[in-house]
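Worksheet for the structure shown next.
The values are calculated or read from the model by the stated rules, or taken from the named source; none is laboratory data. Keep in mind the model is a prediction, meaning the values are calculated, not measured. Heads up, the Cβs are rebuilt from the backbone with ideal geometry, glycines too, and the neighbour counts pull from every protein chain shown.
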């Protein structure tokens with residue numbers, strides 16, 4: 001079994017522990033990661049920001065969020081059904097030392113999680129497009145690893161597909177979802193060829 005470098009594990013799993021209500025986080029750290037995605041010039045792969053419960057019990061529930069500079073509102077935080085929070089990409093917010101303010105449903109200890117992922121709108125999807133998603137994720141993984149970490153990252157073996165709209169399980173014809181996570185996993189061999197899949201809206205993560 002291949003082991004990821006610590007720098008990659010930090011990106012895929014968690015960054016620093018936080019506990020507050022509301023929770024205030026420096027915008028500049030997020031901007032740095034978003035800038036890396038821009039430099040990678042990928043079209044579908046992205047980084048998703050989450051708050052995970054420190055005890056491994058799942059995601060922390062975010063009620064609302066915003067971006068502030070010196071206490072004044074300067075941007076919105078978009079909350080998605082699967083728990084991701086989306087920030088504006090704005091160099092001026094970085095220069096102004098903006099703060100991301102997140103209101104949590106409960107007072108609990110959370111970790112910032114940063115995940116390599118992609119989201120597809122659904123419909124008839126060519127396997128070639130899924131292979132492109134996989135290749136872009138490999139590119140982004142290398143970018144996030146930096147030098148010399150990029151020479152030690154493992155190859156992506158396939159893709160994990162999750163329901164994007166909060167459903168418990170993904171339903172694909174002829175494929176069985178994992179009962180624990182609701183995901184459908186596709187190995188590289190299943191992504192080969194010129195075929196296609198009828199997909200609902202999905203969130204995709206790399207199978208490493």
For this session: Might you check whether a residue that is surrounded by 16 or more Cβ atoms within 10 Å (Cβ to Cβ), closer than 28 Å to residue 24 by Cβ, in contact with a helix residue (DSSP H, G or I) (Cβ under 7 Å, 6 or more places away or on another chain) and modelled with pLDDT under 95 occurs anywhere in the range 144-153?
Result: yes
Seminar exercise, completed: Selection from the range 66-108 of residues surrounded by 14 or more Cβ atoms within 10 Å (Cβ to Cβ) and farther than 20 Å from residue 32 by Cα yields 79, 80, 82, 83, 103, 104, 108
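Conditions (1) farther than 16 Å from residue 102 by Cα; (2) out of contact with any strand residue (DSSP E or B) (no Cβ under 8 Å at 6 or more places or on another chain); (3) surrounded by 12 or more Cβ atoms within 10 Å (Cβ to Cβ), marked per residue:
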{"residue": "32", "(1), (2), (3)": "yes, yes, no"}
{"residue": "38", "(1), (2), (3)": "yes, yes, no"}
{"residue": "41", "(1), (2), (3)": "yes, yes, no"}
{"residue": "44", "(1), (2), (3)": "yes, no, yes"}
{"residue": "50", "(1), (2), (3)": "no, no, yes"}
{"residue": "53", "(1), (2), (3)": "no, no, yes"}
{"residue": "56", "(1), (2), (3)": "yes, yes, no"}
{"residue": "61", "(1), (2), (3)": "no, no, yes"}
Exercise. Which one of these does residue 185 not meet: (1) touching a strand residue (DSSP E or B) at 6+ places or on another chain (Cβ under 9 Å); (2) outside any strand (DSSP E or B); (3) surrounded by 15 or more Cβ atoms within 10 Å (Cβ to Cβ)?
Worked result: (2)
